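S.K.: One structure, pasted below without further comment.
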Amino acid sequence: MKNKYWWLLQSKSLVWALPLLVATVLFDNGVPLSAQPEEEPQIENSLTQSEEEQEVENNLTPEEEQEIFIIITDKILNQPVFAPFRREATVRDSSRPVYVIDRQQIEAQGARTVQEALKYLPGVLSDGTTGGQLGAQSTQIIRGASTSQVLILLDGRPINDVGRFGGFDLSSFTTDNIERIELLPGGGSTLYGSDALGGVINIVTRSGAGETPQVTVRANVGSFGLNEQAIQSRGETNGVSWAVGYTRTQSDNNFPFRIDRIGLESQRENADVLYNNFNLKLAGNLGDRNKLTFSALYLNKEFGVAGGIAVPEAPFNNLTPLARQNTDELFLDLTLESKLGEGDDSLLTTRIFGDFLDYKFENPDGFSAGRDDINRRALGLQVQHNWQLTPNQNITYGYDFRNTQAENNTFSSNSGITTLNYDGSISQQALFASYNVDFSPEFNLNLGLRQDFNSLVNGSFTSPSIGARYHITPTTTVRANYGRSFRSPQIVNLEGLGAFNIVGNPELKPERGNSFDIGVDQQLGDIGLLRLTFFSNRIDNLINFEFGNPSTYTNIGEIKSTGIEADLNVQVAPNFFAFANYTLNDPRIIEDVNPSIEGNELGFRGANSFNLGIAYEKDIYLALILKSLGGYFINNSNTDSLPGYTTVDFKTRIPLSDNVNLTGGIDNIFDKQYEQFPGFPALGRNFRVGVNATF
């Protein structure tokens, strides 16, 4: 008995069958290009095959072979996720689209940072605005929302900066201690509070590996002075599990580049980067009903700030050959999980956490010579109760608190004066609840409500949400979601920047968002999964900069972003896996202080993206991945734009023994020259090769 999609697997049909599937633009759920795991995972998170599955497949009859496809589809839907629920569940359970890149995919793609790991996912534009080299500051644009309007979670708790910059620089996170990354587009304030206007990105770190200790080491070298060393140890002894590691990554980033439109060919200078990152997680049981976990993560990134090349769209760009930036960040968590009652249906989680930032920027040369220092600390508390009321009803409710204090000073070398820009704090607290009910095996409904209170004059905000999921058939699911979200003003908005003649506005109100999406998940027989989501995201009360003497911040402006997120995962033949995803963005300015730009596309946020990849995995792993980004306007007046670009990357992993692998990759194979921001060239063709081993 042949699979009903068997025609797709015939060699003569593959030439046109895969483009045909892509053209249907019905997709969703993560990139299936992943390598063989170094260890046996608790749940397979992608379309990769374990060694046991490959051995079984080699002995299958044609009639049995189709069972492999059923297993592959289930693995996509059964990926564990936390972000949509604020508790552990699966992709299958979510009414919202959620995209996941797991440990095996991170290793297969050679993603060194969280920013790089997001590269091939739908729903997010993750290119930086200071160049494409390793260490360049990240951006994350989701559904028309800027970096500061996207909430970053570390194991489920917020780490966004609410002092000056907003958002979080995902290029600071190296990936050796990361288990998976969850991308949840759409408003997320009901569960997580401020900053989740465009979406939520949850970074899940690795835990102890079980009773047998293991050590993983790796070393890589590559183009432009790249060298990496990492060691991770995981295991469990006497009831205490641990995960501890260190990553050192360095690159000169002195790459050649061309900007053809101004006839410039040169080499990037002062773009080097050095990472020294440490991670520690300890967990142990306190009796039969309690578990205590302590984690610490230290991120250090020192890099050169190269500056930009003057181009017609950015004539005031200038190179900064001596400018340096250093960032030290420390994240501490202590979590107690307590099972209430006598069963496993009631879990109380209490977490206290602290974040500490020391940021320094220094430029000893030029008109703006000087130093900028930021010290920030945040202390927080999360208490939540997850209760399985009945087999078909679940409620999660709790209390959140976070206090952030930040100080910023600017020293001018020209005047010899140090100016205090701000020294202030914000306290945020909230009560929230989320109720999930299965009315039948086919129909699920979830309701949420959150009430935030903070220390701002206009700090109170209510965030309701509703979502539904309906299985029309066993292979077809429709879903719809609505959520109200917000973003509180940052300390810099409230207190200003004295060194730059900017005064704060303590009367600012939170930015407000209304997010809606509707979608369909379609299993393609036994060979894969297509997901399609239409979205509409409207944000008003925008906090904008108002020029004057002095300048300040004010609430004026509204944007609306509509579009499509689409993704396909498919096994096209035994040991061959493919993916394609497409994100259509149409962000429009509805209201602005300048009426002449109303109706225009929002600058930098209107690019459409398309990713396509195919991988072979049996003993060795080989993959080709195409990434294409459309052109986009770089200002709100829509007078200037940057062209799109297309790159092709190659990834491989070759086992040298049972526990040693040779890894390698060539990015931007055809040496495409392009800019991600006016005057900031991206990286051309580059390679890396390395060895990793697990003992």
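What follows draws every value from the coordinates through simple rules; no lab data is involved. The model shown is predicted, which means the values in this text are computed figures rather than measured ones. We place every Cβ from the backbone using ideal geometry, glycine too, and count neighbours over all the protein chains shown.
S.K.: In segment 427-496, which chymotrypsin sites (Phe, Trp or Tyr not before Pro) fall in coil by DSSP and have 12 or fewer other Cβ atoms within 10 Å?
M.R.: Hits after loop and neighbour filter: Phe439.
S.K.: If you don't mind, there's one more thing I want to ask. Modelling each spin label as a point 7 Å along the Cα-to-Cβ direction, I'd like the Thr350/Ser637 distance in nm, to one decimal.
M.R.: A separation of 5.8 nm, rounded to one decimal place.
S.K.: Shifting gears a bit: Got a sec? How would Ile141, Ile352, Ile625 order by Cβ neighbour count within 10 Å, fewest to most?
M.R.: Ile352, Ile625, Ile141
S.K.: Assign unit charges at the C-beta atoms only (+1 for Lys and Arg, -1 for Asp and Glu), then state the dipole size of the chain relative to its Cα centre in Debye, rounded to the nearest 20.
M.R.: Magnitude of the dipole: close to 820 debye.
S.K.: Can you pick out the pairs among Lys627/Lys672; Lys651/Lys672; Lys360/Lys509; Lys119/Lys360; Lys119/Lys281 whose Cα atoms lie more than 21 Å from each other? Mind dumping the intermediate values first?
M.R.: Numbers: Lys627/Lys672 12 Å; Lys651/Lys672 18 Å; Lys360/Lys509 30 Å; Lys119/Lys360 28 Å; Lys119/Lys281 27 Å.
Beyond 21 Å between Cα atoms: Lys360/Lys509; Lys119/Lys360; Lys119/Lys281.
S.K.: Also: Got the relative contact order for segment 177-272 handy, in percent, Cα pairs under 8 Å and 6 or more residues apart? Spell out each step's value before the answer.
M.R.: Values: 184 pairs, mean separation 18.5, N = 96.
With pairs under 8 Å counted, the relative contact order is 19 percent.
S.K.: How many nm separate the modelled label positions at Asn501 and Leu445, each set 7 Å beyond the Cα in the direction of the Cβ?
M.R.: It is 5.9 nm.
S.K.: Within 10 Å of each residue's Cβ, count the other Cβ atoms and sort Trp387, Trp242 from fewest upward.
M.R.: Trp387, Trp242
S.K.: Quick one: grab the alpha carbon gyration tensor of segment 99-229, order the square roots of its eigenvalues as a ≥ b ≥ c, and give me rounded if a/c is under 1.5, else prolate or oblate depending on whether a/b is larger than b/c.
M.R.: Oblate shape, in that a/c is at least 1.5 and b/c is the bigger or equal ratio.
S.K.: I would also like to ask the following. Which of rounded, prolate, oblate describes segment 458-546, given a ≥ b ≥ c as roots of the alpha-carbon gyration tensor eigenvalues and a/c under 1.5 marking rounded, otherwise prolate only if a/b is larger than b/c? Walk me through the numbers on the way to the answer.
M.R.: Values: a/c = 5.01, a/b = 3.01, b/c = 1.67.
Here segment 458-546 falls in the prolate category.
S.K.: Calculate the length of the line joining the C-alpha centroid of segment 322-354 to that of segment 394-457, in whole Å.
M.R.: 15 Å
S.K.: Then there's this: Between segment 147-170 and segment 481-547, what is the C-alpha centre distance in whole Å?
M.R.: Answer, in whole Å: 12.
S.K.: Sticking with this structure for a sec: Provide Thr130, Thr175, Thr583 in ascending order of the number of other Cβ atoms located within 10 Å of each residue's Cβ, fewest first.
M.R.: On the way: Thr130 20, Thr175 24, Thr583 27.
Arranged by neighbour count, lowest to highest, Thr130, Thr175, Thr583 become Thr130, Thr175, Thr583.
S.K.: Can you tell me the FRET efficiency between Val660 and Gln405 if r is taken as the Cβ-Cβ distance and R0 is 56 Å, rounded to the nearest 0.05?
M.R.: Step by step, r from the Cβ atoms, then E = 0.70.
S.K.: Then there is this: Starting from 0.36 nm per residue, how many nanometres of slack lie between Asp438 and Gln388 once their C-alpha separation is accounted for?
M.R.: Residue separation times 0.36 nm, minus the Cα-Cα distance, leaves 16.8 nm.
S.K.: Sticking with this structure for a sec: Given labels modelled 7 Å from the Cα in the Cβ direction, how far is it in nm from Arg248 to Gln229?
M.R.: Placing both labels 7 Å beyond Cα along the Cβ direction yields 0.4 nm.
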